[in-house]
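Data first, discussion second: the structure below is written as structure tokens.
The values are calculated or read from the model by the stated rules, or taken from the named source; none is laboratory data. Because the structure is a prediction, the values reported are computed rather than measured. Note that we place each Cβ from the backbone using ideal geometry, even for glycine, and neighbour counts take in every protein chain shown. Accessible surface is based on the protein model in full, side chains and every heavy atom, while ligands, DNA and RNA are left aside. Shrake-Rupley method; radii C 1.70, N 1.55, O 1.52, S 1.80 Å.
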Amino acid sequence: MKLTEEQYILVKDVLPRQRGNVSMSNLQVLNAILYVAENGCKWRALPEHFGNWNTIYVRMNRWAKSGALARVFEVLQRQQIISIKIEAVSLDSTIVKVHPDGTGALKKPGPQSIGKSKGGWTTKIHMVAANAQCAITFALSPGNAGDAPAGRKLLSSWRKTQNFCHVIMDRAYEGNETQALVKSFGYNPVVPPSPRRVAPWAYDRELYKKRNEIERLFRRLKGFRRVATRYDKLDVVFAAFIYFALIVEAIK
């Protein structure tokens, strides 16, 4: 895959302006980052025709830590998601294996949402999605963290723009605290009750089928190897690759 000039125009004005004597345009850098994101290769393994790998790495690192890619994502949201009426969103998580390159060095400054479970070192991506193409927001947690507490924290941080919508969730979020939070926003939780519930509730089974859309979105994002496997120690850099994948999916 390669980003074209037409696609680049959609994000050109949001990226940091190039100043001084630069050897590579932002479009060239984006396509080099895309190669790394898709193939999961090390920066040093970038083919020579992309240019100096260190120049590309430094610019990506700078964009990650300054929040540049998060701002691009927010602009695309305003253009493609928030401007349309959201009738239902899905809340879910997916687990990502951490490569040995992403573990260790605990003294490296910055949050590192990495936890050890039966599957080894892992990270969870928690996401609220509008459909199989549009993510609204996401957050990271250690792989051994519970879905429900992280899901509540993510929902609380979401800048809600609708007076009402359905929030579709699986049984990991069927607890009373999560449902109470959703209802406090004026939203309707669509979640199946646990079989152990003494007083189970009815839920919209047809609407619940839409939960597969967030699973499909996760599958598309995991087509990028730097998202499917975590190679980065710091959350801010790994999150930047997730933002990058979401941006590419939006503009391609």
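Okay, residues lined up against (1) under 30 Å from Phe164 (Cβ atoms); (2) at pLDDT 90 or above; (3) outside any helix (DSSP H, G or I):
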position	(1), (2), (3)
Ser23	no, no, yes
Val29	no, yes, no
Asn61	no, yes, no
Gln77	yes, no, no
Ile84	yes, no, yes
Lys97	no, yes, yes
Gly104	no, no, yes
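Of all the criteria given as (1) open to solvent by 80 Å² or more (accessible area, probe 1.4 Å); (2) touching a residue at least 12 places away in the same chain (Cβ under 8 Å), the one not satisfied by Glu48 is (2).
From the list Ile95, Ile125, the one residue that fits, being among the β-branched types (Val, Ile, Thr), touching a residue at least 12 places away in the same chain (Cβ under 8 Å) and open to solvent by 20 Å² or more (accessible area, probe 1.4 Å), is Ile95. With respect to Ala132, is the statement that it is open to solvent by 20 Å² or more (accessible area, probe 1.4 Å), outside any strand (DSSP E or B), out of contact with any Pro (no Cβ under 8 Å at 6 or more places or on another chain) and of a type in the set (Gly, Ala, Ser) true? In short, no. Restricting Asn163, Asn188 to residues that are over 23 Å from the mean Cα position of the chain (by Cα) and modelled with pLDDT under 90 narrows the list to Asn163. Every test in (1) closer than 21 Å to Gln79 by Cβ; (2) open to solvent by 70 Å² or more (accessible area, probe 1.4 Å) is passed by Lys42 save one, and that test is (1). Evaluated against (1) closer than 25 Å to Phe218 by Cα; (2) open to solvent by less than 70 Å² (accessible area, probe 1.4 Å), Arg71 falls short on exactly one condition, (2).
In region 201-218, the residues that are more than 27 Å from Glu249 (Cα to Cα) reach residues that are open to solvent by less than 80 Å² (accessible area, probe 1.4 Å) with C-beta atoms within less than 8 angstrom, at least six apart or across chains, in these pairs: Trp201/Pro193; Tyr203/Val190; Tyr203/Val191; Tyr203/Pro192; Tyr203/Pro193; Asp204/His166; Asp204/Val190.
For the residues Leu3, Leu15, Leu30, the requirement of being in contact (Cβ under 8 Å) with a residue 60 or more places away in the chain, under 22 Å from the mean Cα position of the chain (by Cα) and under 21 Å from Arg226 (Cβ atoms) singles out Leu3. With respect to Met1, is the statement that it is assigned to a loop (DSSP other than H, G, I, E, B), touching a Ser or Thr at 6+ places or on another chain (Cβ under 8 Å) and of a type outside the set (Gly, Ala, Ser) true? So Met1 does not fit the description; no.
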